[in-house]
Amino acid sequence: MIRWFRRKKEDVGTQEKEVNQEPTLEAPEPEEQEQLPGHVEAREEERATETVGEEAVPAGAEPQEEPSDARGESVEETRDGEPEETEEGAERGRFFSRLRQRLHKSRERLADRVDRLVLGKKTIDAQVMDELEEILITSDLGVPATQLLLDRVSDRVQRKELQDPARLREVLRQEITQILSVDAPAFDPSTTRPFVIMVIGVNGVGKTTTIGKLAHRIKCSGLSPLLVAGDTFRAAAIEQLERWGERIHVPVVRQKSGADPSAVAFDALDAAQARGADVVIVDTAGRMHTKVNLMEELKKVHRVIQKKMPTAPHEILLVLDATTGQNAISQARVFREAMNITGLILTKLDGTAKGGVIVPICHELQLPVRFIGIGEGMEDLRPFDPREFAEALL
Ligand SMILES: Nc1nc2c(ncn2[C@@H]2O[C@H](COP(=O)(O)OP(=O)(O)OP(=O)(O)O)[C@@H](O)[C@H]2O)c(=O)[nH]1
């Protein structure tokens, strides 16, 4: 057992236990130093100033340092070591450099520290492993995933496959890619019609925004989406979804505030058939303003959808806010107890240093990350690619 790990395990274990004992389903506080728009108090005001039809600019967001050339990457930064010359390759390069730019805080916490750790070192000895452990834990990788990575690195060192400290980062990247590559069927809304997606998560994590972005992606792929305002407890949530609908020219099925969400979902499936919609995306409440238990309410919506269409919902996507770090894992545990989640969406990865949390989430839950949110704009939802993410992070 490694020294640092032994020293810190108790502290971290206690912290994790506290989180596990009382998983909060209230929107948790994001990192203190970040004035992210996900901050609950700030949201109502932001909504009032949101403009339909324009790319929303995150409050306090740093100017987007998009590279002026297509890639903004050196040749060594290309994914396969070769310059990509096709238009598709250039497009991918642009997206990748944007992803890296948005993940820069998480990258600073992980990659830059690993680089500093190996600088001038000749071997990967116990001291290096000790410091690596600290870097991984404090980068939100959690104890079990950190231990797994350390074991794999140690194995490679012992088998003499890894001797040069300069290769440590590359090896970590490979191992993290493996952890992130959860075995699951692909997300493919073209397989059934209508393809029904239920989106769940606590309030403030970015559900409605994510639904807007997802519908935009689906529309761009040639399918016709329909949005369902299933968070009937907050009038603002219905309006927010409607604004997204107007912005991306996608119809929204709604009822008045306070209506039964399962009745809204039921009617929406009729509407989807009548309109010939290909994909139905159901927003749900994140917090109950009544005595009804959130999980019971979600189960009811699920039952009603299933009654109408026995194979539906085809995806149940849990949205988690990356800025909440380890708390996101606790939330996922609670939701998984109640719902048969098929995939995850991690939001607000831009501007947080806690992007590493995606590693323990995949490691523990063995659920595929379907998409990641890297900003508030329409285009800021990306399909999750484990290798691409690991490369952007490390
Ligand atoms: N920076 C950033 N902000 C995001 C992202 N996704 C969502 N947000 C912001 O997070 C805030 C909360 O998003 P909502 O979509 O209202 O969250 P919700 O889960 O639907 O919240 P309720 O409607 O209260 O249940 C909004 O200000 C969004 O613009 C993201 O990927 N990056």
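The values are calculated or read from the model by the stated rules, or taken from the named source; none is laboratory data. Keep in mind that what you see is a predicted model, and the values were worked out from it rather than measured. FYI the Cβ positions are ideal-geometry reconstructions off the backbone, even for glycines, and counts take in every protein chain you see.
For the reader, a short list of remarks on this structure follows.
- Some residue of region 355-367 being in contact with a His (Cβ under 9 Å, 6 or more places away or on another chain) and not assigned by TED's automatic domain parsing to the domain that holds Glu108: no
- Against the test of being at pLDDT 95 or above, more than 26 Å from Ser330 (Cα to Cα) and either in a helix (DSSP H, G or I) or within 16 Å of the ligand (Cβ to nearest atom) (or both), the options Ile218, Ile211 yield a single qualifying residue, Ile218.
- Among the residues making up region 184-202, a single one is in contact (Cβ under 8 Å) with a residue 24 or more places away in the chain and either among the charged types (D, E, K, R) or assigned to a helix (DSSP H, G or I) (or both): Arg193.
- Condition met for Val143 (crowded, with 18+ Cβ neighbours inside 10 Å and touching a residue at least 40 places away in the same chain (Cβ under 8 Å)): yes
- Lone unmet requirement of (1) touching a strand residue (DSSP E or B) at 6+ places or on another chain (Cβ under 9 Å); (2) modelled with pLDDT of 95 or more for Val202: (2)
- The condition of being surrounded by fewer than 24 Cβ atoms within 10 Å (Cβ to Cβ), within 21 Å of Ile341 (Cα to Cα) and not basic (Lys, Arg) holds for only one of Phe195, Phe187, that being Phe187.
- Here Val357 clears all of (1) free of Cβ contacts under 8 Å to residues at least 12 places away in the same chain; (2) within 30 Å of Arg116 (Cα to Cα) except the condition numbered (1).
- Qualifying residue in region 258-279 (condition: assigned by TED's automatic domain parsing to the domain that holds Met378, more than 25 Å from Arg217 (Cβ to Cβ), within 14 Å of the ligand (Cβ to nearest atom) and not in a helix (DSSP H, G or I)): no
- Matching residues in region 185-199 - criterion: being among the aliphatic types (A, V, I, L, M) and modelled with pLDDT of 95 or more: Val196, Ile197, Met198, Val199
- Looking at Arg275, Arg303, Arg287, just one residue is basic (Lys, Arg) and at pLDDT 95 or above, and that residue is Arg303.
- Taking region 217-232 as the range and being surrounded by fewer than 21 Cβ atoms within 10 Å (Cβ to Cβ) and either farther than 15 Å from Val196 by Cα or not assigned by TED's automatic domain parsing to the domain that holds Val280 (or both) as the test, the residues that pass are Arg217, Cys220, Ser221, Gly222.
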